[in-house]
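Novice: Here it is: the structure, laid out below.
The values are calculated or read from the model by the stated rules, or taken from the named source; none is laboratory data. Just so it is clear, the structure is predicted and the values come from calculations on it, not from any experiment. No Cβ is skipped: glycine too gets one built from the backbone with ideal geometry, and neighbour counts run over all protein chains shown. What goes into the accessible areas is simple: the full protein's heavy atoms, side chains included, and nothing from ligands, DNA or RNA. Shrake-Rupley method; radii C 1.70, N 1.55, O 1.52, S 1.80 Å.
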Amino acid sequence: MKKIIASGLILSSIAFFAACDSGSEDGSVERNSAEEAQEEMLDEMAEEGEGDVVESFYLPSALQIGSIFQKSGLKYLPNLTNSVDNLNKYETKSSKILNFGVYSADLAYIVLNGQSQDATNYLKVVSDLSNEIGFGSVFESKDLMSRFESNLGNRDSIINVMIDIQARTDMFVDDNNLQDVTYIIFAGAWVEGMYLGVEASDNESRHALSGRLVEQMTILDNLVKALKSNKNQTEEVAELTKKLSELEKFFYKLEENKNSQNIKSFKDYKISQEHLDELSKTILELRASIVNG
Amino acid sequence: MKKITLATLLIFACILGTQAQKTQSYCPKEEVVTKCRKALVPYKYTNMVVNRIVFKRSNYIKEISIPLYFDANYRLVFNTELLPKDIKIKIYDKPLTEKKRNELGSFESSERQFNFEPDMENNKGLYELYVNFLIPAYIADDGSSFIKGCVILMTGYEDQVSEEFGDSESSAGE
């Protein structure tokens with residue numbers, strides 16, 4: 001018995017030192033001709049577009065989208081956002097996640113337009129839903145919530161709190177490997193952002209906003225790819241992905257139209273009334289399918 | 001006898017602990033994220049992506065596309081401190097699948113932290129950036145094929161120039 005324990009001890013010690021030693025890699029690189037050749041090969045791959053490619057996805061924040069729309073003249077219209085009373089409608093996990101995104105976009109719209117009272121209500125809804133979808137710890141910080149409440153009258157400070165919430169969410173997502181969930185959240189936020197863009201524009205801001213709406217195509221492209229990267233989608237999310245893919249095809253038509261006129265920037269592109277109506281109709285249907293639960 | 005058993009158990013616990021730490025700690029990003037946030041100022045934080053880099057037995061490229069809004073200025077902060085081996089990072093105006101694309105920036109990960117700010121004034125049609133991580137093949141001294149690290153990519157924007165948006169005279173119709 002003693003021999004077995006002693007052998008175990010020796011083996012353990014060897015494994016222990018091996019394990020401790022393997023942590024000492026400092027990443028120092030000794031350059032040699034083989035490495036230089038390898039580097040050249042990689043450069044060539046990048047230039048020629050060859051070799052194995054792994055794609056990863058980047059999506060902006062709901063706050064940034066709201067901010068960009070607002071700068072282009074988007075007005076604040078009360079009662080346009082998803083009512084906080086709808087919260088109890090959302091029973092499936094997917095609909096909770098999607099509407100967490102919807103309410104986040106609404107919160108950004110409200111904050112950017114300095115609507116203090118509504119901001120508190122919407123933050124509460126976002127915080128409540130975060131608990132139900134497993135993101136509760138993002139809002140656990142009392143400091144964050146009290147900063148939000150004490151700065152309600154100060155738009156810039158509130159925006160800074162919102163930015164901190166976004167940063168905390170990004171950390172939390174990465175720590176817990178929840179990227180697939182954030183893609184669904186963003187889908188909800190994106191649809192709501194587009195809905196607000198379509199519904200809150202008036203004749204004065206329509207031109208500026210139409211370029212903005214078409215510009216969203218690049219984000220939609222990333223969003224669809226990100227959603228499709230999850231092979232275990234729920235039926236609800238799969239259906240939404242399908243609808244977003246169809247919308248993407250519509251956007252491609254607009255881009256072709258822009259390019260055929262030799263217009264470089266979306267800034268200079270004016271969408272026709274016919275196309276704007278088609279876009280509005282699709283967005284309204286998409287949004288209804290999410291917020292109606 | 002009891003002491004030996006206890007010592008054995010302790011060593012096993014240490015090994016397990018070390019291994020668990022190894023799997024979780026190839027990207028201990030907290031301090032690095034703080035550094036990136038500082039480097040982002042005065043731009044407004046918009047997003048952070050932690051790019052897991054796995055060194056394999058063959059060269060490969062990891063691509064991430066970043067949508068841009070036409071009248072905002074951007075800063076991309078890269079931190080490569082958590083890489084066990086050096087890589088190259090190149091930024092283009094088009095994806096890898098496009099034959100004709102322009103290189104907008106090129107960095108060595110040995111710089112550890114660097115910023116990239118696309119020239120939005122002189123690139124009017126630029127509405128997406130493509131960041132390519134050029135990852136060289138690697139086999140460790142002990143013969144193991146895979147080693148991991150990560151690159152933090154944080155982005156921020158500044159939209160002051162958008163106030164000029166309404167002045168455009170070059171509007172075109174459909």
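Novice: What total accessible area, in Å², is buried where chains B and A meet, using a 1.4 Å probe and rounding to the nearest 100? Don't skip to the answer; put the middle values down first.
Specialist: Details: alone 11610 and 17090 Å², together 22250 Å².
Chains B and A together bury roughly 6400 Å² of accessible area.
Novice: To continue, here is another question. Suppose R0 equals 35 Å; then what is the FRET efficiency for B:Asp141 and B:Val41 from their Cβ-Cβ distance, rounded to the nearest 0.05? If you can, show how the numbers build up before the last one.
Specialist: Details: r = 41 Å, r/R0 = 1.17.
After rounding to 0.05, the efficiency reads 0.30.
Novice: Considering the zone a paramagnetic label at B:Glu158 would reach in this model (a point 7 Å from Cα along the Cα-to-Cβ line), which residues of the range B:65-103 have amide N under 19 Å from it?
Specialist: B:68-78
Novice: While we're on this one: Name the GluC sites (Glu not before Pro) in the range B:96-140 that are in a loop by DSSP and that have at most 15 other C-beta atoms within 10 Å, would you? Could you put the intermediate results ahead of the total?
Specialist: Working: sites: B:Glu98, B:Glu103, B:Glu108, B:Glu111, B:Glu121, B:Glu128; in loops: B:Glu98, B:Glu121.
In loop regions of the range B:96-140 (DSSP not H, G, I, E or B), the sparsely surrounded GluC sites (Glu not before Pro) are B:Glu98, B:Glu121.
Novice: If R0 is 56 Å, what FRET efficiency do you get for A:Glu44 and A:Lys93 from their C-beta distance, rounded to 0.05? Don't skip to the end; give the middle numbers.
Specialist: Numbers: r = 46 Å, r/R0 = 0.82.
Computed FRET efficiency for A:Glu44 and A:Lys93: 0.75.
Novice: Quick check: pseudo-label points 7 Å beyond the Cα along Cα→Cβ at B:Arg112 and A:Lys142, how many nm apart are they?
Specialist: 3.8
Novice: Also, quick follow-up: For A:Leu284 and A:Asn131, compute 0.36 nm times the residue count separating them, minus their Cα-Cα distance, and round to one decimal in nm.
Specialist: Working: separation 153, 0.36 × 153 = 55.08 nm, distance 2.81 nm.
Working it through step by step, the gained length comes to 52.3 nm.
Novice: Applying the Karplus parametrisation 6.51 cos²θ - 1.76 cosθ + 1.60 with θ = phi - 60° to the phi angles of the range A:151-166, what ³J(HN,Hα) value in whole Hz is obtained for each residue in order, glycine and proline being reported as x?
Specialist: 10, 3, x, 10, 4, 5, 5, 5, 4, 4, 5, 4, 5, 5, 4, 4
Novice: Hey, another quick one. For the range A:63-291, give the magnitude of the charge dipole about the Cα centre (Cβ charges: +1 Lys/Arg, -1 Asp/Glu; no others), in debye to the nearest 20. If you can, show how the numbers build up before the last one.
Specialist: Details: 25 positive and 33 negative charges, 87 e Å.
Its charge dipole is roughly 420 debye.
Novice: Taking 20 °C and 1.002 mPa s as the conditions, I'd like the Stokes-Einstein D for the range A:63-291 in µm²/s, using the Kirkwood hydrodynamic radius from alpha carbon pairs. Before the final figure, lay out the partial values.
Specialist: Numbers: Rh = 18.1 Å.
In µm²/s, the coefficient rounds to 118.
Novice: Please report, in debye to the nearest 20, how large the charge dipole of the range A:154-228 is about its Cα centre when each Lys and Arg carries +1 at its beta carbon and each Asp and Glu carries -1 there. Could you put the intermediate results ahead of the total?
Specialist: On the way: 6 positive and 12 negative charges, 32 e Å.
Taking the Cα centre of the range A:154-228 as origin, the dipole is about 160 debye.
Novice: In whole Å, how far is the Cα centre of the range A:228-287 from that of the range B:56-131?
Specialist: For the range A:228-287 versus the range B:56-131, the Cα centre distance is 26 Å.
Novice: Further question on the same structure: In debye to the nearest 20, how big a dipole does the range B:27-159 give about its Cα centre with +1 on each Lys and Arg Cβ and -1 on each Asp and Glu Cβ?
Specialist: In debye, rounded to 20, the range B:27-159 gives about 400.
Novice: Okay, next question. In nanometres, what is the gap between the two model label sites at A:Ala238 and B:Lys124, each 7 Å from Cα along Cα-to-Cβ?
Specialist: Each label point is offset 7 Å from its Cα along the Cβ direction, giving 4.6 nm.
Novice: Can you pull out the GluC sites (Glu not before Pro) in the range A:73-152 that DSSP calls coil and that have at most 15 other Cβ atoms within 10 Å? Please list the in-between numbers first.
Specialist: Numbers: sites: A:Glu91, A:Glu132, A:Glu140, A:Glu149; in loops: A:Glu91, A:Glu140.
Qualifying residues, ordered by number: A:Glu91, A:Glu140.
Novice: If I ignore ligands, DNA and RNA and count only protein heavy atoms, how much of A:His207 is accessible to a 1.4 Å probe, in Å² to the nearest 10?
Specialist: Roughly 60 Å² of A:His207 is accessible to a 1.4 Å probe.
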